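Asks: Below you'll find the structure I mean.
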Amino acid sequence: MKQLFVIGDPVAHSLSPLLHQAMIDQTGAAYRYDVRTVRPEELPAFVRWAKDGGCAGFNVTMPHKEAILSLLDEVDTTAASCGAVNTVCIREGRAIGHNTDGAGFLDSLAGQSFHPQRRTVLLLGAGGAAKAVGHALAAAGADRVIVCTRRLERAAALAAQIPNCGEGIALAQDALQQAATACDLLVNATPLGMAGSPAFAGLDFLQALPPHAVVYDLVYHPRRTALLEAAARQGLRTVGGIDLLIRQAVRAFTFFTGETPDTAALYDALHEPLGLESQFT
């Protein structure tokens, strides 16, 4: 039986083992999937161990999505373009990196009947997940992707990498509110609001969003973050990070095993244990 992992720090909260076990059960693939805490200083040794036969592949979460790039033998064009990896397959002693976050995010939007073409997006964050989402939105035809971070230079750096439609602003209430007024989709790609992480200093900027705007929080622990709760109280459509987690996991599982799970059946199997909300609420 082949071994798969999800690695990160922290990673104990990860739902990836539950998701991948459901896909293993559905497809009959001869794999097992476990969690492994890997601290930043341990990452090079872990990759060497994996390549030496330690496992068949692994998913990558915070804080390793960018740092792992230099440790891999090959990355696909999607991962290379966004500068982040979330899936690593071991093939004949070589570590090959992929990124399924961007495609999974677009799958999630399509499942919610939201299409990015000619839309304006306010993207909070500039880490690995934000990079994948920003590049995917640009490829899907978004008109503007406004990147917002605490440090303007980080926002500007990511915005410069997003083809044709990126611009950067600093995380300040006045700048956020101004950007939000023309926003069709707001995406939180930061850890703010995650259990055990700092909360947003304030959510007043949500009041500037137009009534048709959608608020998407990539955080999935807790399921309903303070950001989503505040947006819902305003009558805005919301979607939580669990939907992206499932969509990107399906694509990662296919990279690992060559099997393509039935997504609808997967949602049915996970509905009760995960308390899924598969539609905008």
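The values are calculated or read from the model by the stated rules, or taken from the named source; none is laboratory data. These numbers were taken from a predicted model, which means no experiment stands behind them. Ideal geometry is used to build each Cβ from the backbone, glycine not excepted, and the neighbour counts take in all protein chains shown.
Asks: Considering only residues that are exposed (fewer than 15 other Cβ atoms within 10 Å of the Cβ) and either aliphatic (A, V, I, L, M) or within 17 Å of the chain's Cα centre (by Cα) (or both), which ones fall in region 198-214?
Replies: Residues satisfying the conditions are ALA199, ALA201.
Asks: I'm trying to understand the selection: among the residues of region 47-84, which are closer than 23 Å to THR257 by Cβ and either outside the structural domain of THR257 (by TED's automatic domain parsing) or in contact with an Asp or Glu (Cβ under 7 Å, 6 or more places away or on another chain) (or both)?
Replies: Across region 47-84, the qualifying residue is only ALA84.
Asks: Consider only pairs whose beta carbons are under 7 Å apart and that are at least six residues apart or on different chains; among these, list those whose first residue lies in region 88-117 and is farther than 18 Å from ALA138 by Cα and whose second residue is surrounded by fewer than 20 Cβ atoms within 10 Å (Cβ to Cβ) and among the aromatic types (Phe, Trp, Tyr).
Replies: Qualifying pairs under 7 Å: CYS89/PHE255; HIS98/PHE255; GLN112/PHE280.
Asks: I'd like the full set of residues that are assigned to a loop (DSSP other than H, G, I, E, B) and at pLDDT 95 or above, limited to region 220-257.
Replies: Those that are assigned to a loop (DSSP other than H, G, I, E, B) and at pLDDT 95 or above: THR225, GLN234, GLY235, LEU236.
Asks: Please enumerate the residues belonging to region 56-88 that are among the hydrophobic types (A, V, I, L, M, F, W, C), touching a strand residue (DSSP E or B) at 6+ places or on another chain (Cβ under 7 Å) and crowded, with 24+ Cβ neighbours inside 10 Å.
Replies: PHE58, VAL60, ILE68, ALA79, VAL85, VAL88
Asks: Show me the strands (runs of 3 or more DSSP E) found entirely inside region 109-201 where at least 2 residues are closer than 21 Å to ILE242 by Cα.
Replies: In region 109-201, 120-124, 185-188 are the strands (runs of 3 or more DSSP E) which contain 2 or more residues that are closer than 21 Å to ILE242 by Cα.
Asks: One residue is enough: does region 218-234 have a residue meeting the conditions of a type outside the set (Phe, Trp, Tyr), buried (at least 19 other Cβ atoms within 10 Å of the Cβ), over 26 Å from ALA12 (Cα atoms) and in contact with a strand residue (DSSP E or B) (Cβ under 6 Å, 6 or more places away or on another chain)?
Replies: Among the residues of region 218-234, at least one is of a type outside the set (Phe, Trp, Tyr), buried (at least 19 other Cβ atoms within 10 Å of the Cβ), over 26 Å from ALA12 (Cα atoms) and in contact with a strand residue (DSSP E or B) (Cβ under 6 Å, 6 or more places away or on another chain), which makes the answer yes.
Asks: Scan region 65-85 for residues that are assigned to a loop (DSSP other than H, G, I, E, B), within 16 Å of the chain's Cα centre (by Cα) and free of Cβ contacts under 8 Å to residues at least 60 places away in the same chain and jot them down.
Replies: Answer for region 65-85, where residues must be assigned to a loop (DSSP other than H, G, I, E, B), within 16 Å of the chain's Cα centre (by Cα) and free of Cβ contacts under 8 Å to residues at least 60 places away in the same chain: ALA84, VAL85.
Asks: Which of the residues belonging to region 122-163 are among the acidic types (Asp, Glu) and either touching a residue at least 60 places away in the same chain (Cβ under 8 Å) or in contact with a Ser or Thr (Cβ under 9 Å, 6 or more places away or on another chain) (or both)?
Replies: Pass one, region 122-163, residues among the acidic types (Asp, Glu): 143, 153.
Result: ASP143, single match.
Asks: Given the conditions (1) in a helix (DSSP H, G or I); (2) aliphatic (A, V, I, L, M); (3) at pLDDT 95 or above, report the number of the one that LEU18 does not fulfil.
Replies: Single failed check for LEU18: (3).
Asks: Right, here's the next one. Since GLY28 meets every condition but one in (1) in contact with a Cys (Cβ under 8 Å, 6 or more places away or on another chain); (2) on the phi > 0 side of the Ramachandran plot, which condition does it not meet?
Replies: Answer for GLY28: the failing condition is (1).
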